[in-house]
Number of protein chains: 2
Amino acid sequence: MKNSLQLLSRFNNNNFSVLSKQQACFYATIQSKAVRFEKFGNPLEVLKVDDVNIDTSVKGDEVVVKMLAAPINQADINTVQGVYGRRPNTFPAIPGNEGVGIVEEVGSNVTGIKKGDHVIPSSAGLGTWRTHLVCKADNLTTVSKDLPVEYASILSVNPCTAYRLLNDFVDLKQGDVIIQNGANSMVGLLVIQLAKMRGIQTINLIRQRPNYELTVQRLKDLGADIVMPYSFSNNNTSMNRLLSDMPKPKLALNCVGGEAARVVAKYLADDGVMVTYGGMSKQPITLPTGPFIFNNITLKGFWMTKWVETHSKEERKKMIDELSKLVVDKKLLAFMETFKFSEFNYALEKSFEESRERKVVLKMDE
Amino acid sequence: MKNSLQLLSRFNNNNFSVLSKQQACFYATIQSKAVRFEKFGNPLEVLKVDDVNIDTSVKGDEVVVKMLAAPINQADINTVQGVYGRRPNTFPAIPGNEGVGIVEEVGSNVTGIKKGDHVIPSSAGLGTWRTHLVCKADNLTTVSKDLPVEYASILSVNPCTAYRLLNDFVDLKQGDVIIQNGANSMVGLLVIQLAKMRGIQTINLIRQRPNYELTVQRLKDLGADIVMPYSFSNNNTSMNRLLSDMPKPKLALNCVGGEAARVVAKYLADDGVMVTYGGMSKQPITLPTGPFIFNNITLKGFWMTKWVETHSKEERKKMIDELSKLVVDKKLLAFMETFKFSEFNYALEKSFEESRERKVVLKMDE
C-alpha cells in the first residue's frame, strides 16, 4: 500500500509516463531479515530477528545494498544495552555499526557508486545486522572487491582505530616505543602489526589466562617486541631491567581502564601521552597527580565515530584504501570467525565468550 | 683563607696591580644567615638557621644580592621532605625557590642588572631563604621597584601559574566558563581575578570549613561568579539547574586531586581540558573512561618550573612585567602575612596551619 502510494507520488513528481524494465524493478518490495530491538536491555533478550518487507524503490540519491557480512562489535552490544555514546533515535532500531554489502540498485542521481560495488558505511549508526539495506548513497563508501568480505566488514572500526592511534597523538619514529594494555584485542593486534611496519617497538600487556603461552606466541608472530602479563609490570625492578635498553614509551594505549591503565601510564616517558579508546574492565582510570605535574604526561581519548564525524570523507577514504592494500597484500592480519546470519542467536552468544580472541562476523550470503 | 687564595688567583689571572676602593669592597666576607638542611625530612626538624660567612668578592658575571623577602611555598616544603620533582644536588642545601632582593654589588661583566635593582630568581632552586646571595647575574630577573616587596617575592610562582593556566591550554573568550577546585588557594584566587578581567566566568569549589561564609565573600569580592562547597557539586540535579544558563566549562583546574578532581572533570564540556597543577589532598585522580572516549576530554599537567626551563627569558619577562603592572595598578590582589626572618621557626610553623588562607612571607630587612 505504502509502496503504491510512493509509486504514484513519484509519477506525479517526475512526470514519468512509462516504466522501463529497470525502473519497474526498482519499485518493488522484497522480503528481508533484520535484527531489531524495541528497548534497551540485555542483547540476548531484547534482540529479535524479524522479517521486514523493505521498499526497494530507490529515490534519486538512494541505493539498495545486499549485505554480505557484518561483525558483532562491543560497541554494538553497548548500544543495545543503552550505555554507548550514541543511541538510536527511534525504535525498533537495527544494531550494527559496520559491515560490507554489494550494491544491487542505484538511484538516478547517484554518482561514485555503481551496481556491483562493495560498500561499507560512511559513519556509525546505519544498522548493518540485516540482509538488505536501502539508504542514501552518501552514507556508503566503496571498498576494493579484492578485500575478503570478512575483512571489508571489519575495516572501518578496529583497523582505522589502530591506524589513528599510531598517527594522531605523538610523532612516532623508527625505534620509538609504545606500550599497550589489552594487547590481544583486535585493535591491539593491529597496532602491533602497524607499529612493526614502521619500526616502532611495542610493549604488550595481556592477562595471564590458560592459553597465555599461545597468546604470547601469536603476538610475537605478529611482530610484538615484548609481551607480559599485568602482574609482571608491577615488579619495578624486573621492569626496569627489562626496559633498560629501550627508550621510554612515548605513547600508551589503554582499552581496559582500572589497574591496567595505571600500569601503562606509569612507564610513559616525560611528555608522553596515554590514549584511552576502550574501557573493557569497566573500572575507572586512577593515576597520581605527580606524573601530570612533573612529567607532563597527557591523557586523551579516542573514538572512531567522533573522528569520522569531524574529518573529511577524503581523509577517511585515504586511510581505508591504505589499510585495504595492506590486507590485500597480506601484510595486515585479523582473526575472525564467521557465522551464518540465520544462526544469529548462536553467533551472539559466541560473541560474549570472555576468552574469545576472534571477532564474530555474521555472513549474510551463506 | 679561601677568600685570600681566591684573591690571589684573581690577581694572577687579571694582572691587577692596584685595588680600587670599589674593588676592595668586592673582596670581602660578610656574615649572613641562611636556612639550611643536611638531609630530607620533616622541615620542623631538619631545617636550621645557620650563620654563614659568604664571599662577596664577585666574579665578572656575578652579583651580590641582599634578600628582602621570600615566601614559604608548598613546593619548598616538599623539596625539604624530598618528595618534590626537583632535589638539591648537594647538602647542606638552602631551600626557597622564589623571593626578591636588592642588588648590592655587580661584577664587571654584568649587563642588564645594576646596583640597587630589585631582582627575583630566573628559575627555581636558587635558595632564597637567606639574607645574602651571591650568584650569576643570569640567574636573576629585574622587577619594578614600584612593586611592594611581598608581591615581588611571590610573583614568579603563583601569579605566573595562574596566568599560564588561563593562557596555555584552551582558547578562552569572554563569556566562557572555567571550573576549579581549591579555589581559595593563592593560585585559585589569582585565577578568579585574571579570569574576571577577561570576562571569563568562574565556578569555584572550596571546602566547607568554619569560616566558609567569609571565604565565599572573599572569592565573590575578587570576582568569582559561583562559589560552592564540594558536597554541593555531587548533587546532579541542583548542579544542572545552577549551571543551566551557562556554557559548560572548557577548562577545569585541579590543585587537589582525589574526589575534588573528579567533580571538576565531570562538568567539563566536550573537548574540555583539565589541568592538574597541584595535589594537595595527596589522593590520585580517578575518572571513568567514558568522558575520554565519548566527550574527548584531555588531562594535562602544569609545572611552572618546567615552563621556565622550556621557554625564553623574554617570554617570562613579558609575563612578569604584565603581572607587575596589574599589581602596581591594584588590579591583582594576593593575601600574605609577613614574618621577620629572625622568627623563621615561628613562620614555618604558621605555614603549616591547615586553614591558613594567607601566604607566609619572610622579610629579611626587618
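The values are calculated or read from the model by the stated rules, or taken from the named source; none is laboratory data. Quantities reported herein were computed from a predicted structural model and do not represent experimental measurements. Cβ atoms come from the backbone with ideal geometry, glycine included; neighbour counts cover every protein chain shown. Note: areas computed on protein heavy atoms with side chains; ligands, DNA, RNA excluded. Shrake-Rupley method; radii C 1.70, N 1.55, O 1.52, S 1.80 Å.
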inquiry  = Looking at the stretch A:94-107 only, could you name the residues that are surrounded by fewer than 21 Cβ atoms within 10 Å (Cβ to Cβ) and more than 25 Å from A:L323 (Cα to Cα)?
reply    = A:I94, A:E104, A:E105, A:G107
key: Residues that are open to solvent by 60 Å² or more (accessible area, probe 1.4 Å) and touching a Ser or Thr at 6+ places or on another chain (Cβ under 7 Å), drawn from the stretch B:244-294   = B:R262
request  = Report, by residue number, each residue of the stretch B:108-119 that is in contact with a strand residue (DSSP E or B) (Cβ under 8 Å, 6 or more places away or on another chain) and either surrounded by fewer than 24 Cβ atoms within 10 Å (Cβ to Cβ) or of a type in the set (D, E) (or both).
outcome  = B:V110, B:G112, B:I113, B:K114, B:K115, B:G116, B:D117, B:H118
message = Would you confirm whether or not the stretch B:216-239 contains a residue that is at pLDDT 95 or above and among the polar types (S, T, N, Q)?
response = yes
query = Given the conditions (1) within 21 Å of A:E353 (Cβ to Cβ); (2) in contact (Cβ under 8 Å) with a residue 24 or more places away in the chain; (3) part of a helix (DSSP H, G or I), and given that A:E213 satisfies all but one, which numbered condition is not satisfied?
reply = (2)
query = Of all the strands (runs of 3 or more DSSP E) wholly in the stretch A:1-90, which have at least 3 residues that are surrounded by fewer than 19 Cβ atoms within 10 Å (Cβ to Cβ) and modelled with pLDDT under 95?
reply = A:29-36, A:48-55
ask   = Does B:T161 fit the bill of being closer than 28 Å to B:E98 by Cβ, in a strand (DSSP E or B) and under 21 Å from the mean Cα position of the chain (by Cα)?
value = no
ask   = Consider B:L147 against the criteria (1) part of a loop (DSSP other than H, G, I, E, B); (2) open to solvent by 10 Å² or more (accessible area, probe 1.4 Å); (3) over 15 Å from B:V360 (Cβ atoms): it satisfies all of them except one. Which criterion is unmet?
value = (2)
request  = Could you please give the count of residues in the stretch A:158-182 that are open to solvent by 10 Å² or more (accessible area, probe 1.4 Å) and not polar (S, T, N, Q)?
outcome  = 10
Qualifying residues in the stretch B:224-239 (those that are open to solvent by 20 Å² or more (accessible area, probe 1.4 Å) and within 26 Å of the chain's Cα centre (by Cα)) - the one farthest from the other protein chains (Cβ to nearest Cβ) = B:D225
inquiry  = Can you pull out every residue in the stretch A:183-202 that is assigned to a strand (DSSP E or B) and surrounded by fewer than 24 Cβ atoms within 10 Å (Cβ to Cβ)?
reply    = A:Q201
message = For the structure I just gave you, tell me whether A:V327 is under 15 Å from A:F169 (Cα atoms), hydrophobic (A, V, I, L, M, F, W, C) and crowded, with 17+ Cβ neighbours inside 10 Å.
response = no
request  = List every residue pair whose Cβ atoms sit under 9 Å apart, with the two residues 6 or more apart in sequence or on different chains, where the first one lies in the stretch A:32-54 and is within 14 Å of A:L362 (Cβ to Cβ) and touching a residue at least 12 places away in the same chain (Cβ under 8 Å) and the second, anywhere, is among the small types (G, A, S) and buried (at least 17 other Cβ atoms within 10 Å of the Cβ).
outcome  = A:A34/A:G127; A:V35/A:G96; A:V35/A:G127; A:P43/A:S351; A:V49/A:A34
message = I need every pair where a residue in the stretch A:346-364 that is open to solvent by 50 Å² or more (accessible area, probe 1.4 Å) and modelled with pLDDT under 95 has its Cβ under 8 Å from the Cβ of a residue that is part of a loop (DSSP other than H, G, I, E, B) and of a type in the set (K, R), sequence separation at least 6 or different chains.
response = A:S355/A:R209
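Yes/no per residue for (1) under 16 Å from the mean Cα position of the chain (by Cα); (2) closer than 18 Å to A:H311 by Cα:
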position: A:K114; (1), (2): no, no
position: A:D117; (1), (2): no, no
position: A:P121; (1), (2): yes, yes
position: A:G127; (1), (2): yes, no
position: A:R130; (1), (2): no, no
position: A:L133; (1), (2): no, no
position: A:V143; (1), (2): yes, no
